[in-house]
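The values are calculated or read from the model by the stated rules, or taken from the named source; none is laboratory data. Owing to the predicted nature of the structure, the values given are computational and were not obtained by experimental measurement. Virtual Cβ from ideal backbone geometry, glycine too; neighbours counted across all protein chains shown.
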Amino acid sequence: MALGHSVELPDQHVACTLQVALQRDLGGGDHAASLSRWRNPVTWVPDDGLVDGIERVRELAVGADEGASPWWYEQLYAEARVGASRVPWDHGEPTPYLVAWLRERFPSGRGSGRAVVVGCAYGDDAELVASYGFAVTAFDISASAVETARSRHPASAVDYRQADLLGLPEDWRGAFDLVVECTTLQSTPVALHERGAVSVASLCAVDGKILVIARCPADGDPPGPPWLLSEREVWQVAAGGVRLSSLQRISMRGGDRWVGEFVCA
Ligand SMILES: C[S@@+](CC[C@H](N)C(=O)[O-])C[C@H]1O[C@@H](n2cnc3c(N)ncnc32)[C@H](O)[C@@H]1O
C-alpha cells in the first residue's frame with residue numbers, strides 16, 4: 001500500500017504533473033508515455049479549490065456544524081438557478097484528480113459495470129465516468145443541482161437522482177463496481193463524517209473500487225464549510241468489507257489533497 005506519498009506540484013503544470021505523481025505512486029509505465037496519454041488537459045488549476053461563492057455557502061451553513069443533514073445545499077443551488085448565487089465548486093470540468101486516476105486505471109479508455117458518483121453537483125465527473133463505458137448513477141442531496149445536471153447534459157446516459165448520502169435507497173447497497181466520492185464527505189459537518197464514510201463504503205460491490213478525493217486540513221483553516229477530512233477520517237471509508245489500498249497526499253499551493261483508493265472484498 002502506498003501511504004502518505006507527497007509530490008510538490010508547480011501550479012502551471014499541475015495537470016501533467018499530477019498524472020506523473022499518480023503514475024509514480026501506482027508504479028507503472030514511464031513518465032513520457034504517461035504524459036502522452038494526457039489527451040484532454042484540464043484548463044483550470046485547482047489552487048484553493050473554492051472560488052467566488054464560498055461566503056454565501058458559509059452564511060447558509062450557519063449552525064450546520066451541530067450535525068444537521070446539510071439540506072441547505074438546496075438553497076444554494078436554487079439561488080444559483082436564478083442567478084442569485086454562484087456555486088463555488090462549479091468549474092464546468094471534471095475533477096483533475098479523477099481525470100488522472102481514470103486514465104491510469106483504465107488506459108484503454110474503457111471500464112465496465114456500474115458506477116456511482118456521490119454528491120454529483122452538475123454532473124461533470126459523472127459524465128466523465130460514463131464516457132469510460134460505466135453505467136452511471138449520480139446523486140446529490142439537492143434536487144435543483146440534479147435538475148441542472150440533467151439540463152446541462154440533455155443527451156446523457158447518466159441516471160441523475162436526488163438522494164441523501166446519509167439515507168440511501170436500500171437497493172444501492174453493494175450495487176456499484178466503482179464508487180467516486182469527490183469532496184462530498186468534507187461538505188458535511190464533522191459529526192457526520194463517519195456515518196458518511198460508512199455510507200460511501202456501503203455502495204461498493206464485492207471486488208469493486210472506491211476513489212476518495214478530499215482536501216487536507218491545514219493550520220489556520222477557517223471553520224467549515226468545508227469541514228476538511230483528517231487522514232483518520234479518510235480511513236473511515238474502510239468499513240464493512242472495504243479496505244484501503246492506497247492513500248496519497250498530493251502537495252499543492254492552496255491546499256494538499258487526499259487521493260485514496262479502496263477495494264471491497
Ligand atoms: C463540494 S460539492 C462537490 C461537488 C462535486 N462532487 C465536485 O467535486 O465538484 C459537495 C456536493 O455534495 C452535495 N451534498 C452535500 N451533502 C450531501 C449528502 N448528504 N448527500 C448527497 N449529496 C450531498 C452538495 O449538494 C454538493 O453538490
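Here's a check for you: in the stretch 73-87, which residue that is within 14 Å of the ligand (Cβ to nearest atom) and surrounded by fewer than 19 Cβ atoms within 10 Å (Cβ to Cβ) is nearest to Arg195 (Cα to Cα)? Steps first, answer last, please.
First, the residues of the stretch 73-87 that are within 14 Å of the ligand (Cβ to nearest atom): 73-81, 85-87.
Next, from what is left, pick out any that are surrounded by fewer than 19 Cβ atoms within 10 Å (Cβ to Cβ): 74-75, 78-79, 81, 86.
Numbers: Glu74: 21, Gln75: 23, Ala78: 26, Glu79: 28, Arg81: 30, Arg86: 28 Å.
Per the criteria, the residue is Glu74.
Which pairs do you get when a residue that is closer than 18 Å to Pro96 by Cβ, found in the stretch 182-193, comes within reach of a residue that is more than 9 Å from the ligand (Cβ to nearest atom) and assigned to a loop (DSSP other than H, G, I, E, B), reach meaning Cβ atoms under 7 angstrom, with the pair 6+ apart or on two chains?
Gln186/Trp227; Gln186/Leu228; Gln186/Leu229
Which of the numbered conditions does Asp221 fail, given that it passes all the others? Conditions: (1) at pLDDT below 95; (2) touching a Phe, Trp or Tyr at 6+ places or on another chain (Cβ under 6 Å).
Only one criterion in (1) at pLDDT below 95; (2) touching a Phe, Trp or Tyr at 6+ places or on another chain (Cβ under 6 Å) is unmet by Asp221, namely (2).
Identify all residues within the stretch 220-265 that are part of a loop (DSSP other than H, G, I, E, B), small (Gly, Ala, Ser) and either more than 16 Å from the chain's Cα centre (by Cα) or over 19 Å from Pro96 (Cα atoms) (or both); write none if there are none.
Within the stretch 220-265, Gly220, Gly224, Ser230, Ala238, Ala239, Gly240, Gly241, Gly254, Ala265 qualify.
Those residues that are under 27 Å from Val259 (Cβ atoms) and either among the hydroxyl-bearing types (Ser, Thr, Tyr) or assigned to a helix (DSSP H, G or I) (or both), I need them from the stretch 71-87; list them, please.
Tyr73, Leu76, Tyr77, listed by residue number.
Which of (1) closer than 26 Å to Arg161 by Cα; (2) in contact with an Asp or Glu (Cβ under 6 Å, 6 or more places away or on another chain) does Gly196 not meet, given it meets every other one?
Unmet for Gly196, out of (1) closer than 26 Å to Arg161 by Cα; (2) in contact with an Asp or Glu (Cβ under 6 Å, 6 or more places away or on another chain): (2).
Please enumerate the residues belonging to the stretch 187-213 that are near the ligand (Cβ under 8 Å from one of its atoms) and either at pLDDT below 95 or small (Gly, Ala, Ser) (or both).
First, the residues of the stretch 187-213 that are near the ligand (Cβ under 8 Å from one of its atoms): 187-188, 192, 196, 213.
Within the stretch 187-213, Ser187, Thr188, Leu192, Gly196 meet the criteria.
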